[in-house]
Amino acid sequence: MPVVRLASDDPAWGNFEHGNCELEKMRLYTAKTIGRSAKAETSRNEILSAAANIMRRHGYAELTLRNVAAKVNMKAGSLYYHFSSKDELATEVMRIGVEAVERDVREALDQVSPIDSEQRLITAVHIHLNALLRSSEFVSSHIRCYPFVPDRVRFELREVRRRYDLLWLELIGEFINRPARGDEVIYIWHILVGALNQSLEWFNPNRHSIDDYARQIEIMLRQFRSQRPL
């Protein structure tokens, strides 16, 4: 997944909706963990939310168990019941981010005809942008922090990232009728997803519209396909 570095004071950071959707996804995830009490699951979700907020606003370097503990009114030592280290916590936050946006994209694609390659790619663009700029601190914290995390964290995330990257490669390959692993598809993937992720750096919710940006990308994609040689 192409990534960008963001400014911590970027105005886009204020445009997140802390609704029930993301927390519900977290509850469903943690409910699978055997042996945890309801209280422990709630505490774990609060810790993850606090960590995602810190990573989104301030980056990986500013994430400490002490900072997270203060944010959730918990003793720092108590966090070790849930996470053995800062890196384990960061890994989980970032894993949730990738899995959440992939799940949203796939659910939206289920509502689109499998033979309508243009609409499928455009749908993925809309859902990805919405997750980045409006709905998920977990997604944006992943994009912001991935370039700066240790290799061991990247290693733990390799499979979830590979799965989401492959989804984009398949969508682009279908759109231009080329093999998903071909060089042309890979180049377009870097350009397209890189541009989507880069919007975190400049997007201002008081001046810009997610829908307008997505529509502009739609126009560019259609022009690209109409002008490229068969």
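In the stretch 156-177, the residues that are in a helix (DSSP H, G or I) reach residues that are among the basic types (Lys, Arg) with C-beta atoms within less than 6 angstrom, at least six apart or across chains, in these pairs: Val160/Arg95; Leu171/Arg120.
On the stretch given as the stretch 42-78, residues that are part of a loop (DSSP other than H, G, I, E, B) and within 15 Å of Ala90 (Cβ to Cβ) total 3.
Screening the candidates Arg134, Arg152, Arg163 for the property of being modelled with pLDDT of 95 or more and either within 17 Å of the chain's Cα centre (by Cα) or under 13 Å from Glu99 (Cα atoms) (or both) yields one hit, Arg163. Looking only at residues of the stretch 178-194 that are free of Cβ contacts under 8 Å to residues at least 40 places away in the same chain and of a type in the set (Gly, Ala, Ser), we find that the one that is surrounded by the most Cβ atoms within 10 Å (Cβ to Cβ) is Ala180. If you check Ala70, Ala61, Ala76, Ala40 for being of a type outside the set (Phe, Trp, Tyr), in contact with a His (Cβ under 8 Å, 6 or more places away or on another chain), modelled with pLDDT of 55 or more and surrounded by fewer than 18 Cβ atoms within 10 Å (Cβ to Cβ), only one passes: Ala40. Does Val98 satisfy the condition of being closer than 22 Å to Gly194 by Cβ, at pLDDT 95 or above and either surrounded by 14 or more Cβ atoms within 10 Å (Cβ to Cβ) or not aliphatic (A, V, I, L, M) (or both)? The answer is yes for Val98. Condition check: touching a Leu at 6+ places or on another chain (Cβ under 7 Å) and surrounded by fewer than 16 Cβ atoms within 10 Å (Cβ to Cβ). Does Glu201 satisfy that? Yes; evaluated as a whole, the condition is true for this residue. Mind listing whichever residues of the stretch 199-213 are touching a residue at least 12 places away in the same chain (Cβ under 8 Å) and in contact with a Pro (Cβ under 9 Å, 6 or more places away or on another chain)? If the condition is that a residue be touching a residue at least 12 places away in the same chain (Cβ under 8 Å) and in contact with a Pro (Cβ under 9 Å, 6 or more places away or on another chain), then Phe203, Asn204, Pro205, Asn206 are the ones that fit. Under the condition of being free of Cβ contacts under 8 Å to residues at least 40 places away in the same chain and touching a helix residue (DSSP H, G or I) at 6+ places or on another chain (Cβ under 6 Å), the residues counted in the stretch 93-108 number 2.
Evaluating Cys145 against the criteria (1) without any contact (Cβ under 8 Å) to a residue 24 or more places away in the chain; (2) touching a Phe, Trp or Tyr at 6+ places or on another chain (Cβ under 7 Å) leaves one unmet condition, (1). The criterion of being out of contact with any Asp or Glu (no Cβ under 6 Å at 6 or more places or on another chain), surrounded by fewer than 18 Cβ atoms within 10 Å (Cβ to Cβ) and either modelled with pLDDT of 95 or more or in a helix (DSSP H, G or I) (or both) does not hold for Glu92.
Taking the listed residues Ala214, Ala180, Ala195, the one that is closer than 22 Å to Asp104 by Cα and assigned to a loop (DSSP other than H, G, I, E, B) is Ala180, with no other qualifying.
Can you tell me which residues in the stretch 201-211 are at pLDDT 90 or above and part of a helix (DSSP H, G or I)? Within the stretch 201-211, Trp202, Ile210, Asp211 qualify.
Within the stretch 119-141, restricting attention to residues that are free of Cβ contacts under 8 Å to residues at least 60 places away in the same chain and farther than 17 Å from Asp212 by Cα, the residue that is surrounded by the fewest Cβ atoms within 10 Å (Cβ to Cβ) is Arg120.
The values are calculated or read from the model by the stated rules, or taken from the named source; none is laboratory data. A quick note: this is a predicted structure, and the numbers were derived from the prediction, not measured. Neighbour counts are summed over all protein chains in view; Cβ atoms, including those assigned to glycine, are modelled from backbone coordinates with ideal geometry.
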